[in-house]
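What follows is a short report on a single structure.
Values in this text are rule-based calculations from the coordinates and carry no lab data. Values in this document were obtained by computation on a predicted structure and should not be read as measured data. A quick note on method: Cβ atoms are made from the backbone with ideal geometry, for glycine too, and the neighbour counts reach across all protein chains shown.
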Amino acid sequence: MHNFDNIIRGALDLSHAEALKRKNPELTETHLLYGMIMNPQSTASKYLKGEIKVLEGLLDKLPRDPSVTMEKLRPNYKFQEWMTLASSESIKAGRDKITEADFLKFYKNFFPSIKINIPQDQASGEDAKSEVPDFLVNLNELANTGKLDPVIGRSKEIRRVQEILCRRTKNNPVIVGPPGVGKTAIVEGLAGLIVANQVPEAIQGRTIYALNMGILMSNTKYRGEFEEKIVGLINFLKSKGHETILFIDEIHLLIGAGKADGAMDAANLLKPALARGELHCIGATTFDEYKKYIESDSALERRFHKVKVDAPTCEDSIQILMGLKEKFEIHHGVEITDDAIVAAVYYSDQYISDRNLPDKAIDVLDEAAAGLKLSADSMPPEMQEHESLMKSKKVMLGSNPDNTALREEIKELEEEFMNMKITWDKNTMELRPRIQTQKTLEKAMNEGNFNEAGMLKNATIPKIEAEIASLNVSWKVSKKHIAEVIQRSTGVPVEKIMKSNQENIIELEKYLRSRIYGQNEALRQISDTLIAAHAGLVNTSRPIGSFLLLGPSGVGKTETAKAVTSFLFNSEKHMFRIDLSEYSEPHSVAKLIGAPPGYVGYERGGILTEAVRRNPYTVLLFDEIEKAHINFSDILLQILDDGRLTDTQGREVSFKNTIIFMTSNLKNYETYLKPELIGRIDAVLHYKPLGEDTVGMLIEKELEQLNKNLADREIKIALDDSIRNKIRASGYDERYGARPLKNSFSRSVIMPLSKYIVTHADIKGSYLLLNDEAGTVKLRKTD
């Protein structure tokens, strides 16, 4: 089977289509030349377009058969002869593909009436490619070979770019938008439309070359070398006339590129060619870079026309990922469910706030598919951990060979590991052929072997999938895999991500009451406020909730913030605490958003803004708010009102996914806080001093925690009433709340217990009762 380049492959498709349209039973040399001329990418279309009427006349004279089909269509003798000559020329030239140049060398053998001579150096193929500078990438060629991803949902922007390219003046579009919204994809989509001949006549047959700035800048250490490369680029584009479009991604990099010792930068070298219309250019950059570099150079800016691109909606992003689904399935060799695509979009939109759709959703989906494939190529993490534990136990046994209990434990671990390995081997046995077949499919599509690709896709892969389904093992990317990727990125547990917000948050009040005692009314208000926020009934641009907790020391204000964090994230690590007594001076408040320009530490960003930027899902605790400088109120006002804060580097940080707690011991808080600040707080909560009934509950809580700590030693502790009364008597103080109680519990229980454990080696599995006899704490071992 012959291997053709993209130009000939396209010409063959056109010649087949023309033969079927005319109901010709034979595929002739006339059909082939007609297809070459009708392909806008070919050299034949440039030199022989005037012969199209002659060829149509020849085609009209060919016999017709109304019953002809693609299967019945057969090449005639001259078609096969031309094919053989071209194939021999390709082999003689040492090429692995038959190119248009190989066919055009012999076209006069079959069409002697055509008097036009085509210069051989203008023929397509490897010879023509050699003149393209190595810092240019032919996007048309990538689109023709299927190496570019499909572009979905950007038809309006692509249309806008086409309109600007068709203008008489100022016909150089620059695509401006946030990172990751698909600016480069718009140009790739345009290249695909040009290859498919679905563009206006003014830009038909044009080739889009992407400029690789890294290669352009390489090997230009001496003055004049960079300018020489730029001049070579301009001359190459000028030599092509109006057949090329130059695409410069990150176009702001042109400003200052190559400038040294008085030399001109790339932008100034390109300006004259842009001004005279000698080259067509498409640029792409972000809003910030456009403002900083392009707008500041008015002479450069006036050469371009701005095309704004915004991030797509979640619905549009789902359509984009649906279009990319097959590409990811072929690459990773696993199946991707529609639920996974929807989850990738909505989870990334909810939990990853510092990036844009569709880029962040694509990354999440790609990583989830890669992770699933990795679990087939290598042992899953749980098996690796099991194996590591087994090895560490064997090391311990080596130092203590008489430990029979440890030997039995190792034996159980080995049996468990072998069972896990057998199951894993069985599950992955059928998937590995699918992965290998998908790799073959990807290679076939890249090389243009569409017959082989179709056979693999429609016959081989479905058969393998049926065998996998019979194993009752799912090798599909699901919502859970997406949630696991989000967990690794944000720290939010999988269970919390997959469980609906309404299901999750409704249990908050019950959980808070299990950790904080005596403050039921305050806990109810916190829970109700957060439920309303999760139901979407409040302003979604503001923080999820903001609370001012007032009351004496030790009543549970800080513990409330910790409990909310623990409930939402299964860990208190997501709470960011700021002691505002450290920010009583105006210059110290500035540290929260970053040092001003010119000061030491400017590039580090702010303490508060950087914390939220890195971890958008955070509980913020501002402790002792009355001790902060008045300037802190202005920062807090902006956070509570708009849900955002701009640091000294101009970066906007979103606080819409944060929960904010502020604490104070003051009763007359209105005299210290601005009225407009108080008005923006969701709830001002007064924590009551702890009553004596609450003290008993706190003692039980401390005892429960102590027993948890001793569980691995199989020791159980109990307290009789005498020791409880002693703790209550010495530990309860209305002024200081629960803090003295912890100290009293430590003195009365933990310290005596510590001495007992150290002096008694045989207490494993014991039940210890503590009581107070004659003012002295005694421990008694019971059965």
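Numerical summary
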{"read-out": "For segment 319-364, alpha-carbon Rg and Dmax in angstrom", "value": "10.5, 30"}
{"read-out": "Alpha-carbon spread of segment 6-124, three principal axes, descending order, Å", "value": "42, 29, 23"}
{"read-out": "Convex hull of segment 631-783 built on C-alpha atoms - directionally averaged projected area, nm²", "value": "14.2"}
{"read-out": "Extreme residue, positive dipole direction of segment 565-678, given options Gly594, Leu568, Thr671 (C-beta unit charges)", "value": "Leu568"}
{"read-out": "Cα-based reach from Lys147 at 24 Å (exclusive), listing lysines while leaving out same-chain residues under 8 positions away", "value": "Lys97, Lys129, Lys156, Lys183, Lys325, Lys327, Lys360, Lys373, Lys439, Lys443, Lys457"}
{"read-out": "3J(HN,Hα) from dihedral phi, segment 352-357, Karplus parametrisation 6.51/-1.76/1.60, rounded to Hz, x for glycine, proline", "value": "10, 9, 9, 9, 10, 6"}
{"read-out": "Whole-number D in µm² s⁻¹ for segment 509-647, Kirkwood Cα-pair radius fed into Stokes-Einstein, 37 °C, 0.692 mPa s", "value": "201"}
{"read-out": "The chain: Rg to Rh, with Rh as the Kirkwood radius over Cα pairs", "value": "1.10"}
{"read-out": "Stokes-Einstein D (µm²/s) once Rh is taken as the Kirkwood radius of segment 148-194 over alpha-carbon pairs, at 20 °C in 1.002 mPa s", "value": "192"}
{"read-out": "Extension gain from Ala532 to Glu295, taking 0.36 nm per residue of separation minus the Cα-Cα distance", "value": "80.9 nm"}
{"read-out": "Relative contact order, percent, the chain [alpha-carbon distance under 8 Å, six or more residues apart]", "value": "8"}
{"read-out": "Cut-off of 10 Å, at most 13 other beta carbons, DSSP loop: longest stretch of the chain lacking such chymotrypsin sites (Phe, Trp or Tyr not before Pro)", "value": "223-598"}
{"read-out": "Packing-based exposure ordering (other Cβ within 10 Å, fewest first) of Thr313, Thr145", "value": "Thr313, Thr145"}
{"read-out": "Per-residue Cβ neighbour rank within 10 angstrom, fewest leading, Met396, Met70, Met36", "value": "Met70, Met396, Met36"}
{"read-out": "DSSP loop GluC sites (Glu not before Pro) with at most 12 other Cβ within 10 Å excluded, longest remaining stretch of the chain", "value": "296-506"}
{"read-out": "Computed FRET value (nearest 0.05) for Cys166 with Gln80, which takes r as the C-beta separation and R₀ as 41 Å", "value": "0.45"}
{"read-out": "Under-5 Å amide H pairs with His305, H placed in peptide plane, nonlocal only", "value": "Asn172, Val174"}
{"read-out": "Long-range HN-HN contacts of Thr220 with modeled amide H, under 5 Å", "value": "none"}
{"read-out": "For Gly605, distant residues with modelled amide H under 5 Å away", "value": "Ala595"}
{"read-out": "Proximal lysines relative to Lys557, as straight alpha-carbon distance under 18 Å, when same-chain residues fewer than 8 apart are discounted", "value": "Lys510, Lys573, Lys627, Lys667, Lys688, Lys701, Lys742"}
{"read-out": "At 1.567 mPa s and 4 °C, Stokes D of segment 136-308 from Kirkwood alpha-carbon radius, µm² per second", "value": "79"}
{"read-out": "Computed over segment 500-686: relative contact order in percent, which uses C-alpha pairs under 8 Å that are six or more apart", "value": "29"}
